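The values are calculated or read from the model by the stated rules, or taken from the named source; none is laboratory data. Note that the coordinates shown come from a computational prediction; the quantities given were computed from them, not determined experimentally. Note that we place each Cβ from the backbone using ideal geometry, even for glycine, and neighbour counts take in every protein chain shown. Keep in mind that these areas ignore ligands, DNA and RNA; they rest on the heavy atoms of the full protein, side chains included. Shrake-Rupley method; radii C 1.70, N 1.55, O 1.52, S 1.80 Å.
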Amino acid sequence: MTASLPRQAAPPDEPRRPPEDPRHRVRRRALTLLIIVLLIGVPAGYLVISANQSRDSGKDKEKKYSATGLTAGWPSKVQRRLYRVPVPHPADRIAYYETNNWKTSRLYVQFRTNSAGLDSFLEGMQVSRDDLKKGDVSIGARDRKITGWTFTGPGPWWGLTHKQKNPAPTQDVVVNLSDPNLPMVYVVSRTVP
């Protein structure tokens, strides 16, 4: 059996509170609910969004690194700088593929540009149109097999091999000038790590 403690009476000089108005009670409860939602719901929503973005990022990376052929889109700036493949602006029909092993790393890039873009690209590689040789398909059979490139369509086909001293990459370039205003460019840039 527990002994009940006496209740302390309110001080006589303090006025009694009036009973709570129903509208005030509803407002107070709504404010409490809003605070709970903000304190719990916002961080929980942030965690869900963050988890989805993280999962999507992992899927994108998995897709990128499991590619077994040309992927539509621009190679990263780091790849373009490392392999010295200055894709010009404007360019479209851009696709790339990178392979790495203990002996050689290669970047395969294709794009279509205009006449000024071709000149800009060649200048960025420190060569010129004069270095291109008519009928020279400088990209080898092994690289053509990896990318699926066939250089049998309407030409003329022009090509060059730009050899450089290590660690600078060596680049094989083939240009399809069947439409001189919109040349299609194929590049294989390889470097020895």
#### Entry: Total residues in region 137-146, condition open to solvent by less than 50 Å² (accessible area, probe 1.4 Å) and not β-branched (Val, Ile, Thr)
3
### Query
residue 149: without any contact (Cβ under 8 Å) to a residue 60 or more places away in the chain, among the hydrophobic types (A, V, I, L, M, F, W, C) and open to solvent by 60 Å² or more (accessible area, probe 1.4 Å), yes or no?
no
### Query
In region 177-186, what residues are open to solvent by 30 Å² or more (accessible area, probe 1.4 Å) and out of contact with any helix residue (DSSP H, G or I) (no Cβ under 9 Å at 6 or more places or on another chain)?
178, 179
## Note on the structure
Filtering region 157-167 for residues that are open to solvent by less than 50 Å² (accessible area, probe 1.4 Å) and either at pLDDT below 90 or not aliphatic (A, V, I, L, M) (or both) leaves a count of 4
### Query
Just wondering, is there one or more residues in region 24-42 that are part of a helix (DSSP H, G or I), at pLDDT below 90 and under 30 Å from residue 169 (Cα atoms)?
no
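Take residue 174 and tell me if it is open to solvent by less than 70 Å² (accessible area, probe 1.4 Å), more than 22 Å from residue 81 (Cα to Cα) and aliphatic (A, V, I, L, M).
Numbers: open to solvent by less than 70 Å² (accessible area, probe 1.4 Å): yes; more than 22 Å from residue 81 (Cα to Cα): no; aliphatic (A, V, I, L, M): yes.
Considered against the rule, which asks whether it is open to solvent by less than 70 Å² (accessible area, probe 1.4 Å), more than 22 Å from residue 81 (Cα to Cα) and aliphatic (A, V, I, L, M), residue 174 comes out as no.
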### Query
Restricting attention to region 68-123, which residues are open to solvent by less than 30 Å² (accessible area, probe 1.4 Å), outside any strand (DSSP E or B) and out of contact with any Pro (no Cβ under 6 Å at 6 or more places or on another chain)?
69, 73, 75, 79, 85, 87, 88, 104, 122
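Yes or no: region 64-71 includes at least one residue that is at pLDDT 85 or above and under 14 Å from residue 108 (Cα atoms).
Yes - at least one qualifying residue is present in region 64-71.
Restricting attention to region 124-141, report how many residues are in a helix (DSSP H, G or I) and of a type outside the set (A, V, I, L, M, F, W, C). So that I can check it myself, show each step before the final result.
First pass over region 124-141, keeping only residues in a helix (DSSP H, G or I): 124, 129-131, 141.
If we keep only those that are of a type outside the set (A, V, I, L, M, F, W, C) as well, we get 124, 129-131.
Residues meeting the conditions: 4.
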